[in-house]
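Here's the structure we're looking at; comments come further down.
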Amino acid sequence: MKRILLALLLWIPAWLNAQILAPGDVINLQLPGEEAFSQPFIVTNSGQLLLPEVGAVSVAGMDERQAQQLLRQRLSTVYRNLDEFSLSLLSSEIRVRVLGYVNQPGTVTLAADANIQMALTAAGGLKPGAQLDKFQLTRNGVSQPLNYKAYLDSGDLRLLPALEGGDTVFVPTSPQLGNVEINFDAASLVEAGDAEQQNGLTLFGEFRNPGTFSFKDGMSVVDAVMRAGGVTRYADVTKIRVITHNQPTLFDLKAYLDSGKTEQLPPIQPGSIIFAPIEVEEISTTQRTVYIMGEVQAPGAYENSTGAGFMDVLANAGGPTRFADTTQIRVLRDNGPALLVNLVQYSHNPARAPLPDLRPGDVIFVPEKVDFNEKSWLKVTNDRAIKLIGAVYNPGRFEWDSSMSFLDVLAHAGGPNQEANLANIRILRQGSGDQNLTRFNLEAFINQGGDFSTLPTLQAGDTIIIDELPKDPTDNKASWVRQSAEDSIYVFGQVGAPGRYAFNHALGILDILAAADGPNGDANLRQLRISHRDGPTTNVSKFDLALYFETGDESLLPQVVPGDVIYVPKLDADWLDKPAHKVVRLMGEVTSPGRYTFSQEMSLLDLLAEAGGPTENAFIERIMIVNSSCCGDESQAFNLRDYVNDPGDYPLPMLRPGDTVYVPNKEDSAPSQLRQGLRDVLSMVTLIVLGAAL
């Protein structure tokens, strides 16, 4: 019994301190392993929690322990493992409905200790015309009055009752509003006027605040214009029309301001109508009018007083806008050519770019800057345009000025790209003939730090062409067409990629061979041929690349220029590259008969060894050697077998370039021919005997 009483005593304080759930409370439901319960839940206005797979469960009025038991019971029908399920109250909020004359009526969510002023603020505040002393607070169906004005007058918070979830605050309107809702702000009154049309002045047109205004005794037209806030900058103040008692009168406000004579003011009465027309409806055509059009702040017609200059008139129009092209301002005249005004040059040196004197009737046109994002070539005329095509980042048609250099135009197009051939830039000028084509080596200019005075001179209408460097000819044969023959070197023969390659003076023969993937395994490195085509006659030189590799002597490298032809011959085609008086011919029964390069240091044995030696059928006892000389050919025989057996008694014969060595077959020897003859005789006798027997 004591234990029960002790547990009851411990439970009662916890029950007394338990938080009762209400609409707007933020609840955290802990259910590990379920993604749907990772976000907090909010008690709805109807006091329910919307749970996944379960639906709406009413929890308003319960404490946390009761709500947890109820939710566990409902969730057990869907989820199995609820051992770690728990419910906790994250924050307690209340939901209150604010209705009536507020800017945003509806339900607002507030903190638990919020008051009516906070509720009004959450609803967007009160509208002008709300009756502050007649608020109504409705709770559980019972309404009570609330004097909100008394709170605003005193600031006593005790006058504001505490809000609870589900309360409704109603804000009535003032009975002075009647049945039509209007705004009482001062700006609206000025815009709408302050008088009835029958007894007021009606001003419309180019006034800042047109409308109907009350008439006061002694008012003039100027007073009425100022009552409407004055005229706009588009108003034609020389053509103001005033209608009084159905009698129209034309009023020149500018003339009155210049003279100050009150007799020029037309009379006005209650009901008068005043109209200010827009200036463009009637163009001023006085004897001193100058017109300004285009990119200025206030284009229009302006009077050019005596002594006023070009800058005075331009400043009177507000000056150029940020879109104006101040280098191409033009002054148009009826009885003369158009004048070009460059304000940029004038600002740098007024003496070199003087401004023209203006005359009555002149038209100043300030054009718009060219927008290069808009692909319209019409905005830049041909007399101030230059074209740049080829290997640049932004090729196209650009505006040109005489102050721009060749590098300025190239930079304006984004500069050359990685494929650009800077060694041969062409500049084409309108016309015909070679004098209208200029070539420029920008690569040499950059590498050698060239003089800027040597840059090509440009003029409007020129076309700058920058070719692309050729691609690998094995991949793209069509790239040869874009490559000039005057800037190319031709590589043929035993190389990895024969073809036509771009060349400049910074490259050498090794660069060209490397670009052609170098000589292949069949190349004869000692017999390279170079055909020089830059002279009046064709000149062919020889190059021993193998000797360069052996010695590393840079003086052995020949000079090549654009247009030359490099030929790398095949190794086994030496007879095509050596004349007869520089080789030895080896024929007959040897492994590799042919023509061999021969020198004085070589002997007959060296020649036979280079040819792979005699074959098995060779008759080495009678090797024939034919020596060529000026007096005729001489033949001698050499017994290689006797030389091998006794080299001292049988010396080697002397060989010279141009000789012929023949190693006969064994069938060609005398004993072999004798045996063959005996076999032939026996064959004939046998045939005769057989014929007689038959």
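Quick note: the coordinates plus some simple rules give every number you see, no bench work behind them. Everything numeric in this text was worked out from a predicted model, so none of it was measured. Counting neighbours? That spans all protein chains shown, and the Cβs are built from the backbone with ideal geometry, glycine included.
Per-structure values
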read-out: DSSP-defined antiparallel bridges as percent of all bridges, the stretch 289-366, nearest 5; value: 75
read-out: Radius 14 Å from Cβ of Leu90, net charge of other residues (Lys, Arg +1; Asp, Glu -1); value: -3
read-out: Dipole moment magnitude, nearest 20 debye, the stretch 95-176 about Cα centre, only Lys, Arg, Asp, Glu C-beta charged; value: 200
read-out: Ranked list, fewest to most other Cβ atoms within 10 Å of each Cβ, for Lys387, Lys127; value: Lys127, Lys387
read-out: Distance (nanometres) between label positions extended 7 Å along Cα→Cβ at Leu265 and Thr615; value: 13.7
read-out: Extreme residue, positive dipole direction of the stretch 289-366, given options Gly318, Leu340, Met293 (C-beta unit charges); value: Leu340
read-out: Net lengthening on full extension, Leu250/Gln418 (0.36 nm per residue, minus Cα-Cα); value: 53.2 nm
read-out: Per DSSP, loop GluC sites (Glu not before Pro) in the stretch 24-108 with at most 16 further Cβ within 10 Å; value: Glu34, Glu53, Glu84
read-out: Exposure proxy order (Cβ contacts within 10 Å, fewest to most) of Tyr234, Tyr567, Tyr393; value: Tyr393, Tyr234, Tyr567
read-out: Surrounding net charge for Gly230, when Lys and Arg each add one and Asp and Glu each subtract one, Cβ distance under 11 Å; value: +2
read-out: Spin-label pair Leu690/Met587, simplified geometry with 7 Å Cα→Cβ offset, distance in nm; value: 3.8
read-out: Cα Rg, Dmax, the stretch 199-281, angstrom units; value: 11.6, 34
read-out: Charge dipole magnitude, Cβ of K and R +1, D and E -1 - the stretch 491-558, Cα centre, debye nearest 20; value: 320
read-out: Percentage, to the nearest whole number, of Cα pairs in the stretch 579-663 over 22 Å apart; value: 19
read-out: Sites Asp83 and Asn28 - FRET efficiency at Förster radius 22 Å, r taken between beta-carbons, to 0.05; value: 0.80
read-out: Compactness index (Cα Rg / 2.2 N^0.38 Å), the stretch 506-622; value: 1.36
read-out: At 0.890 mPa s and 25 °C, Stokes D of the stretch 484-570 from Kirkwood alpha-carbon radius, µm² per second; value: 189
read-out: Computed E for Ile20/Thr168 - FRET, C-beta separation, R0 22 angstrom, nearest 0.05; value: 0.60
read-out: Dipole moment magnitude, nearest 20 debye, the stretch 377-466 about Cα centre, only Lys, Arg, Asp, Glu C-beta charged; value: 240
read-out: Charge dipole of the stretch 377-466 about the Cα centre (unit charges at C-beta), most positive-ward option of Asn417, Phe452, Gly390; value: Gly390
read-out: Segment Val626-Arg426, length gained on full extension (0.36 nm per residue, minus Cα span); value: 65.6 nm
read-out: Loop sites in the stretch 70-126: trypsin sites (Lys or Arg not before Pro), DSSP, at most 16 other Cβ within 10 Å; value: Arg80
read-out: Of all DSSP beta bridges in the stretch 579-663, antiparallel share, percent nearest 5; value: 75
